[in-house]
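Q: Okay, handing you the structure first.
The values are calculated or read from the model by the stated rules, or taken from the named source; none is laboratory data. Not measured: the values here are computed from a predicted model. Here the Cβ positions follow ideal geometry from the backbone for every residue, glycine too, while neighbour counts run over all protein chains shown. Accessible surface areas use protein heavy atoms only, side chains included; no ligands, DNA or RNA. Shrake-Rupley method; radii C 1.70, N 1.55, O 1.52, S 1.80 Å.
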Amino acid sequence: MNYALEVVGLKRHFDAGAGRTLHAVDGVSFGIRPGEILGLVGESGCGKSTLGRTIAGLYDKTEGKVLINGIPTPSAYSARDFRNFSRSLQMIFQDPYSALNPRMTVQDIIAEGPRLLGLWKKDETPVRVDFWLSRVGLSPEHKTRYPHEFSGGQRQRIGIARALALEPKILICDEPISALDVSVQAQVVNLFDDLRRTMNLAILFIAHDLSMVRYISDRMAVMYLGRIVESGPADSVYFDPQHPYTQLLIRSNPDPNPDNRDDLMVTPVGELASAVNLKSGCQFAPRCPLATEKCKTITPEPEEINSGRFDAHHIVACHVVAKQITKNSPQETGESTAHAFRRELAEKIEERSFQATP
């Protein structure tokens with residue numbers, strides 16, 4: 001398959017001292033095609049930002065591969081590697097203020113990359129800066145100002161313009177809307193959607209807001225303690241979640257209509273496990289009401305399933321889901337497999353008298 005960005009078995013571990021190892025990213029694989037947006041969700045500390053920075057070369061790879069347009073990237077980037085791959089891949093950061101040099105004007109910020117790579121001549125810089133400012137919804141008159149003179153949403157647009165000035169094929173967006181007001185979030189998200197269509201960009205969109213990720217993404221991946229536990233078409237993952245952790249995330253997503261709440265969603269138990277010195281087995285097992293001895297000892301492999309409501313490439317790494325999907329088919333039960341699965345989960349939770357942790 002023709003991927004703009006392909007990640008294969010990527011790991012990024014940190015030395016935590018005293019013989020301990022922090023498994024921030026622990027064997028992640030996925031691909032993003034040109035013109036496609038992959039949304040990556042998961043609670044804080046699961047490794048989303050570390051994954052994005054490792055793909056961009058800001059962190060060295062411990063193991064695994066990252067291919068940009070089919071070309072493998074090195075385990076550790078040199079200055080030359082950054083120059084070579086920056087034209088293909090750019091990153092947009094969560095905090096737009098700290099990501100911009102306060103001593104540089106907007107024009108200098110946007111033109112810095114193209115000028116360093118020799119893509120723009122000095123006399124054509126103002127015209128090109130004007131173009132990219134207009135492209136992200138800012139006025140060309142803003143180019144003489146400094147970052148502190150703008151709002152958070154405007155600064156984020158400047159960061160987007162800086163990334164786009166090199167005309168990359170891949171964007172890594174690390175929480176690009178979390179620091180913005182709701183109305184500004186919608187504007188920025190719509191901008192990303194427009195850019196991926198007109199520039200045929202492949203985008204990895206990292207965020208906490210599941211409903212926003214579902215809105216903008218073609219596919220969605222759910223990350224837990226350094227591993228992707230579920231992935232598939234955005235609507236499939238959001239409306240028909242299979243992994244117990246994904247169900248937990250969906251249930252935690254605020255909904256103004258109480259009638260939309262699904263009482264069959266999984267309620268977690270126990271405490272969040274540590275990413276230090278991870279053991280074999282499913283990392284969600286300590287919090288999962290249906291965890292078996294197999295879950296605690298054998299790491300589940302990603303497996304493609306058919307939930308009954310959506311068709312293609314819904315992948316889940318869960319022993320219980322794999323067993324349940326084989327046991328019940330939508331044709332036999334008359335209801336979606338995911339709903340039947342959640343019903344059984346709810347019944348077993350009640351039988352075992354689990355209580356949600358406060």
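Q: Is it fair to say Gln185 is free of Cβ contacts under 8 Å to residues at least 24 places away in the same chain, assigned to a helix (DSSP H, G or I) and buried (at least 17 other Cβ atoms within 10 Å of the Cβ)?
A: no
Q: Can you list residue pairs whose Cβ atoms sit under 7 Å apart, with the first residue in region 110-133 being within 15 Å of Leu164 (Cα to Cα) and touching a residue at least 12 places away in the same chain (Cβ under 8 Å) and the second being open to solvent by less than 100 Å² (accessible area, probe 1.4 Å) and among the hydroxyl-bearing types (Ser, Thr, Tyr)? Count only pairs 6 or more apart in sequence or on different chains.
A: Ala111/Thr125; Gly113/Ser86; Leu133/Ser139
Q: If I ask for residues that are polar (S, T, N, Q) and either under 16 Å from Leu5 (Cα atoms) or surrounded by 14 or more Cβ atoms within 10 Å (Cβ to Cβ) (or both), which ones from region 61-88 would you list?
A: Thr62, Asn69, Thr73, Ser75, Asn84, Ser86, Ser88
Q: Next question, about the same structure. State which residue is least open to solvent (accessible area, probe 1.4 Å) when the search covers only region 103-135 and only residues that are in a helix (DSSP H, G or I) and aromatic (Phe, Trp, Tyr).
A: Trp132
Q: Which pairs turn up if I take residues in region 156-169 that are under 15 Å from Ala202 (Cβ atoms) and look for partners that are surrounded by fewer than 23 Cβ atoms within 10 Å (Cβ to Cβ) and of a type in the set (Ser, Thr, Tyr) with beta carbon separation below 8 Å, at least 6 apart in sequence or on another chain?
A: Filtered contacts from region 156-169: Leu166/Ser86; Pro168/Ser86; Pro168/Ser88; Lys169/Ser88.
Q: Further, regarding this structure: On the basis of being surrounded by fewer than 16 Cβ atoms within 10 Å (Cβ to Cβ) and within 17 Å of the chain's Cα centre (by Cα), does Leu58 make the cut?
A: yes
Q: If the Cβ limit is 7 Å and pairs must be 6+ apart or interchain, which residue in region 285-296 that is in contact (Cβ under 8 Å) with a residue 24 or more places away in the chain pairs with which residue that is basic (Lys, Arg)?
A: Short answer, once both residue conditions are applied: Pro289/Lys348; Pro289/Arg352; Leu290/Lys348.
Q: Could you list, in sequence order, the residues of region 131-180 that are within 20 Å of the chain's Cα centre (by Cα) and either of a type in the set (Asp, Glu) or more than 25 Å from Ile55 (Cβ to Cβ) (or both)?
A: Across region 131-180, the qualifying residues are Asp174, Glu175.
Q: Would region 150-162 turn up any residue that is more than 23 Å from Asn101 (Cβ to Cβ) and among the aliphatic types (A, V, I, L, M)?
A: Within region 150-162, none of the residues are more than 23 Å from Asn101 (Cβ to Cβ) and among the aliphatic types (A, V, I, L, M).
Q: Could you please find all residues in region 136-157 being more than 16 Å from Gln185 (Cβ to Cβ) and surrounded by 14 or more Cβ atoms within 10 Å (Cβ to Cβ)?
A: Matches in region 136-157: Leu138, Pro140, His142, Lys143, Arg145, Tyr146, Pro147, Phe150.
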